[in-house]
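See below for the structure under consideration.
The values are calculated or read from the model by the stated rules, or taken from the named source; none is laboratory data. Just so it is clear, the model here is predicted, and its values are computed rather than measured. Backbone-built Cβ (ideal geometry, glycine too); neighbour counts: all protein chains shown. When the accessible area is computed, the model is the full protein with side chains, heavy atoms only, and any ligands, DNA or RNA have been set aside. Shrake-Rupley method; radii C 1.70, N 1.55, O 1.52, S 1.80 Å.
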Amino acid sequence: MQRTLAAWLVALPAAAGGVLAAHAAAYGLAGGDADAAHGYLPLAEASVCALLALGLVAAALAARAGAPARPHALAFALAPPVAFLLQETAERGFALPLEPVVLLGLALQLPFAALAYLAARLLLRAAAALAPAPRPRLRPARPVHAWPSVSAPRPSLLLARHGRAPPLSTAS
């Protein structure tokens, strides 16, 4: 469970980075203007980088338990186009985005998602390689006695010395 969560903490920011990169590429190729609707992009990019760094730390810590889980390729194929369409719809005040730049961005989502998937797998492997090796569990050492152990005297003999026990002849 922990390894799967760590894999998703790397995969989701990588996928989000792919969505943002495809978004920027579409507007760069189509010559779309970066108007006020895109003012949030620098903050979104910084957030993706911060979340990816946290995910890598979690993946490195989880790698101590074994090999990291792989992110699902299907999630990378389905989530970026949906996220891109939601992003473009929100930028346009929830109107249906059917402009050529949006269609180009939608077409770019799959190649960028494939790159993000490969990047996430490589980052998970790197995190596993950088993770400290698991410490072997050591059994506590049994104490070594230098002197032979002496058994404690039986309670009946102790009581006999102090006069509280029956005579030794009746104890047998």
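Of the solvent-accessible surface of the stretch 1-115, computed with a 1.4 Å probe over protein heavy atoms with every protein chain present, carbon and sulfur atoms account for 76 percent.
Report the calculated FRET efficiency for Arg142 and Ala75 (r = Cβ-Cβ distance, R0 = 45 Å), to the nearest 0.05. It comes out at approximately 0.30.
Using a Förster distance of 30 angstrom, determine the FRET efficiency expected from the C-beta separation of Glu99 and Leu5, and round it to 0.05. The calculated FRET efficiency here is 0.20. When the inverse distances between all different Cα atoms of the stretch 34-135 are averaged and flipped, the Kirkwood radius reads 15.7 angstrom.
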